[in-house]
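Enquirer: Mind looking over this structure? Questions follow.
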Amino acid sequence: MHVVSDVHGNARDLARAGEGADALICLGDLVLFLDYADHSRGIFPDLFGVENADRIVALRTARRFQEAREFGARLWAGVGADRASVIEKAVRKQYAEMFAAFPTPTYATYGNVDMPPLWQEYAGPGTTVLDGERVEIGGWVFGFVGGGLRTPMRTPYEISDEEYAAKIEAVGAVDVLCTHIPPEVPELVYDTVARRFERGSRALLDAIRRTRPRYSLFGHVHQPLVRRMRIGATECVNVGHFAGTGTPWALEW
């Protein structure tokens, strides 16, 4: 089983991610809105240029989120079109490419920058989309919980702690717990390049301790302080920033 997360527009490597595996798991974030490593890539610079992308990255990195929102609002005011429709058109273009690259079979859940209502339009018969649901693969039970928790970044698929906890509860005890965000452990949620703590889930951490899955697999934090650690009987693994590495993480049993 090959596992990827945080694809962020890397369709070229995604098309090869399932090679040599019986199936592919994708833990979300297919959309590339703005590449923090290369400010020329993504929906934002396509619309507003690299210089403005440099500016908004600098504001967000400095955690000046209100200034970033005001700056973005001024840029959007100059577009002269409905913001939601412009973004949806760009996202649809990326989704068409991403979903076409998925091998058969693929099991996928949403990331915090994804737009769930669009997925069913692009997921082919070989792609199973799961969120708050479980599936048996090769004799093991896999549970999937997508999305992220609310942050000042206000990305598209952020939900309340209560809603997220309900999805964790609905999945129940599984062999492999697949989520986009990590459990709320400082070493797993700290991004060493962005120099900030991302949001992890306390409900996920509690479920790991209570139900003791064999693995907890996740992404979201692109450059974590720790990529892998044990919590009791569970091996917790950040499967990597696929947009940057182009290499899936392999799970064998």
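Enquirer: Being in contact with a strand residue (DSSP E or B) (Cβ under 8 Å, 6 or more places away or on another chain) and either more than 22 Å from A165 (Cβ to Cβ) or among the aliphatic types (A, V, I, L, M) (or both) is true for just one of F142, F102. Which residue is that?
Expert: The unique qualifying residue is F102.
Enquirer: Checking the conditions here, which among V171, V185 is farther than 19 Å from V7 by Cα and touching a Lys or Arg at 6+ places or on another chain (Cβ under 7 Å)?
Expert: It is V171.
Enquirer: Among the residues of the range 169-184, how many are closer than 10 Å to L204 by Cβ and open to solvent by 10 Å² or more (accessible area, probe 1.4 Å)?
Expert: Going through the range 169-184 one residue at a time, the tally reaches 1.
Enquirer: Suppose we keep only residues that are among the β-branched types (V, I, T) and in contact with a helix residue (DSSP H, G or I) (Cβ under 9 Å, 6 or more places away or on another chain) within the range 107-133. Which one would you say is farthest from G143 (Cα to Cα)?
Expert: In this case the residue turns out to be T127.
Yes/no per residue for (1) modelled with pLDDT under 95; (2) of a type in the set (S, T, Y):
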{"site": "N52", "(1), (2)": "no, no"}
{"site": "V57", "(1), (2)": "yes, no"}
{"site": "R63", "(1), (2)": "yes, no"}
{"site": "Q66", "(1), (2)": "yes, no"}
{"site": "A73", "(1), (2)": "yes, no"}
{"site": "G78", "(1), (2)": "yes, no"}
{"site": "R92", "(1), (2)": "no, no"}
{"site": "P103", "(1), (2)": "no, no"}
{"site": "Y107", "(1), (2)": "no, yes"}
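Enquirer: If you don't mind, another one. Could you please give the count of residues in the range 46-56 that are open to solvent by less than 60 Å² (accessible area, probe 1.4 Å) and of a type in the set (A, V, I, L, M)?
Expert: Count: 2.
Enquirer: Can P152 be described as surrounded by fewer than 16 Cβ atoms within 10 Å (Cβ to Cβ) and of a type outside the set (F, W, Y)?
Expert: yes
Enquirer: Strands (runs of 3 or more DSSP E) wholly in the range 57-148 with at least 1 residues that are buried (at least 18 other Cβ atoms within 10 Å of the Cβ), touching a Lys or Arg at 6+ places or on another chain (Cβ under 8 Å) and not polar (S, T, N, Q) - which ones?
Expert: 140-145
Enquirer: Which one is farthest from the chain's Cα centre (by Cα), of the residues in the range 19-31 that are assigned to a loop (DSSP other than H, G, I, E, B) and surrounded by 22 or more Cβ atoms within 10 Å (Cβ to Cβ)?
Expert: Here the residue is V31.
Enquirer: Looking at E163, E198 in this structure, which one is out of contact with any Pro (no Cβ under 7 Å at 6 or more places or on another chain) and open to solvent by less than 60 Å² (accessible area, probe 1.4 Å)?
Expert: On inspection, the qualifying residue turns out to be E198.
Enquirer: Right, here's the next one. Please state which one of R210, R202, R196, R227 is without any contact (Cβ under 8 Å) to a residue 24 or more places away in the chain and within 22 Å of N112 (Cβ to Cβ).
Expert: Selected residue: R227, the only one of R210, R202, R196, R227 that is without any contact (Cβ under 8 Å) to a residue 24 or more places away in the chain and within 22 Å of N112 (Cβ to Cβ).
Enquirer: Let me spell it out: the conditions are (1) open to solvent by less than 30 Å² (accessible area, probe 1.4 Å); (2) within 17 Å of the chain's Cα centre (by Cα); (3) modelled with pLDDT of 95 or more, and I208 meets all of them except one. Which number is the exception?
Expert: (2)
The values are calculated or read from the model by the stated rules, or taken from the named source; none is laboratory data. Since this is a predicted model, take the numbers as computed values, not measurements. Cβ: placed from backbone, ideal geometry, glycine included. Neighbour counts: every protein chain shown. Just the protein is used for accessible areas: all its heavy atoms, side chains included, with ligands, DNA and RNA removed. Shrake-Rupley method; radii C 1.70, N 1.55, O 1.52, S 1.80 Å.
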